[in-house]
């Protein structure tokens, strides 16, 4: 095939490959999401015509030899999740074993550099039978799975190789590889920290189950306690067992209120109070704030309230049934109250 043939082939197949890229990226997102594996990003791309022509002229004789016209990149936070995602890919797709591999295995023991797992994949025969995938049954795609730190190294190395036209000056090249080794060590350390946090979470769960609540409040202990304490209120469909990223703020407010341990918190939440609060709170952070208002509104708004927040009107009306002079206290501290449509308070 010559350059004109490749250009013609590209024009005829570009739309098919773009549709395939969108379909595959969506499918991979769904597969990873179903296993609740956190990712930094998932992105797909179709190789442009210029890149395809350049690659073909350097290395290939037939267009079917090129396996990365469609490419997907998955970036995770820790090494463990790279392995989990790779296991899913091997289960869900057909793997081209010859052209797939782990870049780390290509490095010698005394070498450091680009680390990534990449596969050449195609849809499984069972999935190709489905109407929405039939037209893609002959197509393949490349997928790279790496951590965020591996991606940082690959991006920096790739960009600087271009700036220096292929080979870096020896001193800069040496320092780049030292940086790669440092990033690899950091990846390992992040994985260790992740493992330790998982063990800590398990230990805390056991302590709470055994009734030992003399434990400091942090994001992990607070989530474990609330998950257990409010597990019996599953019937409240509007209640979401989440902090929406506000754990740090809520923990600060609890500290200002004098609640520094799970035992302190447990004393404040009787079963009766819990049932009242969970019936109109939306999230854990809203529930904890409502709890402090319920117990001592004057103390909460005077010492703990974040003035950047807005009190939900529905929460105000609900709490007014149980908190005397709540509206007077809100006026005393100039607390803003908004309608449900404009509220920013969770």
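Derivation of every value follows stated rules applied to the coordinates shown; laboratory data play no part. It should be emphasised that the depicted structure is a prediction, and the values quoted were computed from it without experimental measurement. Cβ: placed from backbone, ideal geometry, glycine included. Neighbour counts: every protein chain shown.
Starting from the Cα of residue 26, move 7 Å in the Cα-to-Cβ direction to define the label point; list residues of the range 131-146 whose amide nitrogen is under 16 Å from there.
Residues passing the 16 Å test: 131-137.
In the range 3-151, if every C-alpha pair distance is counted and binned at 5 Å from zero, what percent goes to each bin?
2, 9, 18, 21, 20, 15, 10, 5, 1, 0, 0
Please list the radius of gyration and Dmax for the chain, considering alpha-carbon atoms only, with Å as the unit.
Every Cα atom of the chain included, Rg and Dmax give 27.6, 84 Å.
What is the gain in length, in nm to one decimal, between residue 125 and residue 338 on full extension, counting 0.36 nm per residue of separation less the C-alpha to C-alpha distance?
So the chain would gain 71.2 nm between residue 125 and residue 338.
Rounded to the nearest 10 degrees, what's the angle between the helix 3-34 long axis and the longest principal axis of the chain, both from Cα atoms, 0 to 90?
That works out to roughly 30 degrees.
Compute the helix-to-body angle for 148-163: its Cα long axis versus the longest principal axis of the chain, expressed 0 to 90° and rounded to tens.
Helix 148-163 sits roughly 40 degrees off the main axis of the chain.
With the Cα gyration tensor of the range 213-338 in hand, convert its eigenvalues to equivalent ellipsoid semi-axes via √(5λ) and list them largest first in whole Å.
Semi-axes (√(5λ), whole Å): 22, 17, 13.
Please report 322, 284 as a ranked list, fewest other C-beta atoms within 10 angstrom at the top and most at the bottom.
Exposure proxy ranking, most exposed first: 322, 284.
Give the angle, between 0 and 90 degrees and rounded to the nearest 10, that separates the Cα long axis of helix 247-257 from the longest principal axis of the Cα atoms of the chain.
That helix lies at roughly 20 degrees to the long axis.
Using Cβ contacts closer than 10 Å as the measure, can you line up 68, 227 from fewest to most?
Lowest count first: 227, 68.
How would 58, 117, 275 line up from fewest to most surrounding beta-carbon atoms within 10 angstrom?
58, 275, 117
Pop the C-beta distance of residue 19 and residue 228 into the FRET formula with R0 = 41 Å and round what comes out to the nearest 0.05.
E between residue 19 and residue 228, to the nearest 0.05, is 0.30.
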